[in-house]
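Quick note: the coordinates plus some simple rules give every number you see, no bench work behind them. Everything numeric in this text was worked out from a predicted model, so none of it was measured. Every residue, glycine as well, gets a Cβ built from its backbone with ideal geometry; the counts of neighbours run over all protein chains shown.
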Amino acid sequence: MPKTFFGNDINEIKLLRDEFMNCFSRSTLLTAIDSFKWGKNSEDSKKEREEVTHKFKLWLSNGKPIVDAQAHADLVMEWGFNGQKSPKSLSENLAEFCNFISTWEKKDSASDMKNLLARNLQVKGIGIARSSKWLCFINPEELCIYDSRVSVTLRTFGKGKGKTFPTVGRKKTNRTSDFPNPNFRKPEKMAEDYCKFLDLVDAIKLEYQIDSASKIEMGLFMLGDNPNIWRK
């Protein structure tokens, strides 16, 4: 049975890709990508994101010095969580954090990548939304964010109700009071689900001829901000 790099069944990924394409055309996804807004300067969200990418990748190219790890982890968190810094628990695990980032940058072993993601998810205060934001800025062409809005766009696919792609929790407001509740995952299972998500994004990227996984994620993010999506 043919497998992806992360060990997922290629035929299953193709079925998920086809299911996605039946729901969202290429033009619908591109429109969502073009409308992407997030961050302090929502009028130029993509440029702001590119600036964070440049700074994070510069840290990578300089050898990921541990002395600068906290600052660059915080850089991503401040962008991704409206000014919040990384959880305090990260400062106690900076060597592990650098190893996590380095392993995903090298992309030598899918098993090591999944295992270190699972270990990162075991650190207090760190979930898949935070972990995937750090991963995204390693290589936006291949890696991307899995957060509440992205997850809710995919929640009906596969087995449905978040069983294939778990729903990530979102802060409740008057507007989002009926946003679906999150699906609990143990760290090991969440790491597996995230890798399946990356395989799906890669399949969509190839079929729709979009050059970046993160662009697809930006489209999923904007689609997931529509109440009609999360009320399915």
Check your understanding: If contacts are Cα pairs under 8 angstrom and at least 6 residues apart, what is the relative contact order of region 10-230 in percent?
Key -> 24
Review point. Mind checking which of SER151, SER35, SER214 has the largest fluctuation in a GNM of the chain, springs on alpha carbons under 10 Å?
Key: SER35
Check your understanding: Okay, helix-only estimate at 222 nm for the chain: each DSSP H run of n ≥ 4 adds -39500 (n - 2.57), divide by all residues, round to 500 deg cm²/dmol; what do you get?
Key -> -17500 deg cm²/dmol
Exercise for review: Could I have the simple spin-label model distance between LYS171 and ILE10, label points 7 Å from Cα toward Cβ, reported in nm to one decimal?
Suggested key: 4.4
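Per 0.36 nm of contour for each residue apart, how much would the distance between THR28 and ASN226 grow if the chain were fully extended, relative to their Cα-Cα spacing?
Extra length available between THR28 and ASN226 comes to 70.0 nm.
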Study note, to complete from the structure: For region 9-107, shape from the Cα gyration tensor axes a ≥ b ≥ c, cut at a/c of 1.5 then a/b versus b/c, turns out oblate
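Would you please classify the overall shape of region 59-146 from the alpha carbon gyration tensor, given that a ≥ b ≥ c denote the square roots of the eigenvalues, rounded means a/c under 1.5, and beyond that prolate means a/b larger than b/c while oblate covers the rest?
Note, shape of region 59-146 comes out rounded.
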Review point. How much length is gained on full extension from ALA110 to LYS186, taking 0.36 nm per residue of separation minus their Cα-Cα distance?
Key: 25.5 nm
Check your understanding: Which of the helices in the chain meet the span-like rule: DSSP H, Cα axial reach of 30 Å or more, Kyte-Doolittle mean at least -1.0?
Key -> 187-208
Practice item. Label the chain by shape, choosing from rounded, prolate and oblate, from the square roots a ≥ b ≥ c of the eigenvalues of the Cα gyration tensor; if a/c is under 1.5 it is rounded, and otherwise prolate applies when a/b is larger than b/c, oblate when it is not. Key: rounded
Revision key, fill the gap. Footprinting proxy, ARG155, ARG231: sorted fewest to most Cβ within 10 Å, the residues are ARG231, ARG155
Exercise for review: Consider a paramagnetic label point 7 Å from the Cα of LYS3 along Cα→Cβ; state which residues of region 173-209 have an amide N under 17 Å from it.
Suggested key: 189, 191-200
